[in-house]
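Here is the structure we will look at, set down as C-alpha cells.
The values are calculated or read from the model by the stated rules, or taken from the named source; none is laboratory data. Being a predicted model, the structure only gives us computed values, none of them experimental. FYI the Cβ positions are ideal-geometry reconstructions off the backbone, even for glycines, and counts take in every protein chain you see.
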Amino acid sequence: MDQATQATTPTAPTQSPDRSAYKRASATAEGILDQLTALPRGVEICGQFAGGYGVRLHFGSGLTAARGVLEVAGITGAEPTRDASAQGLGIYVELYATVEGVPLVARALLDQADADQLLQQTPEPAAAVEEETAPVAPPVPLGSSVLAQVYAVAPAATAGGDQ
C-alpha cells in the first residue's frame, strides 16, 4: 500500500462573488453592532432577490427596541418610518438603508402607547411640517364673499307634477 509522503494542505475555497457579498454583509452588520447600545434580538444575513446579501436587524418589541432602530438611524443617516402592522399587532418602526453597498433593514414593533411616546420624542416627517408651514390665504369677510352675492335659485317644477 502506497502512502503519500508529503503532507497535504487544505486549499481555501475560491472567493466567488456570492461569498464576497456574504462576507461584506457580515462585516457591515458587525460594524453597526459595535456602535449600538441597544442590541437587536436577532441579526440575519440574507440573500436578496436582485443578488448579493443584505442585513436585517430584528430589535423585537417595546420602546427600548424602537430606540435601537433610532440608534441605527443615527449611524446610517437614514430616516425611520412608522407603519401599522397588517395583522393589527401594533406599530412598526422600520429603517431601510444601504450601508457600504449592503442593503440594511432594522425594525421593532410597538404598541400604541409606546408609539405615541416615541412619536413625541422624534420630529415629524418633513412632508407634514411643510404642509403646516405653507402660506394660508387670509379669511374673506362674508359680506365681501362671492357667495354672499349669489341669489337663491328655486328648483323648476317637473312636467306633470303639482303646480
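Number of residues in the range 69-81 that are under 12 Å from the mean Cα position of the chain (by Cα) and either of a type in the set (Val, Ile, Thr) or crowded, with 16+ Cβ neighbours inside 10 Å (or both): the value is 7.
Okay, residues lined up against (1) within 13 Å of the chain's Cα centre (by Cα); (2) polar (S, T, N, Q); (3) modelled with pLDDT of 80 or more:
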site	(1), (2), (3)
ARG56	yes, no, yes
SER85	yes, yes, no
GLY88	no, no, no
GLU100	no, no, yes
ALA106	yes, no, yes
ASP116	no, no, no
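Would you mind stating whether GLY74 is free of Cβ contacts under 8 Å to residues at least 60 places away in the same chain, farther than 21 Å from ARG19 by Cβ and of a type outside the set (Val, Ile, Thr)? Talk me through it step by step, then tell me what you get.
Working: free of Cβ contacts under 8 Å to residues at least 60 places away in the same chain: yes; farther than 21 Å from ARG19 by Cβ: yes; of a type outside the set (Val, Ile, Thr): yes.
Yes, satisfied.
Figure legend. Inter-residue proximity from the range 39-61: first residues of a type outside the set (Gly, Ala, Ser), second residues assigned to a loop (DSSP other than H, G, I, E, B), beta-carbon distance below 6 Å, spacing 6+ or different chains. Indicated pairs: LEU57/PRO40; HIS58/PRO40; HIS58/ARG41; PHE59/PRO40.
Among the residues of the range 14-50, just one is among the basic types (Lys, Arg) and in contact with an Asp or Glu (Cβ under 8 Å, 6 or more places away or on another chain), namely ARG24. So, in the range 52-68, of the ones that are in a helix (DSSP H, G or I) and in contact with a Phe, Trp or Tyr (Cβ under 9 Å, 6 or more places away or on another chain), which residue ends up surrounded by the fewest Cβ atoms within 10 Å (Cβ to Cβ)? Out of the qualifying residues, it is ARG67. I'd like to check something: does the range 38-49 contain any residue that is assigned to a loop (DSSP other than H, G, I, E, B), in contact with a helix residue (DSSP H, G or I) (Cβ under 9 Å, 6 or more places away or on another chain), surrounded by 15 or more Cβ atoms within 10 Å (Cβ to Cβ) and of a type in the set (A, V, I, L, M)? Yes: one or more hits. Just one of (1) at pLDDT below 55; (2) hydrophobic (A, V, I, L, M, F, W, C); (3) loosely packed, with under 10 Cβ neighbours inside 10 Å fails for ALA148. It is (3).
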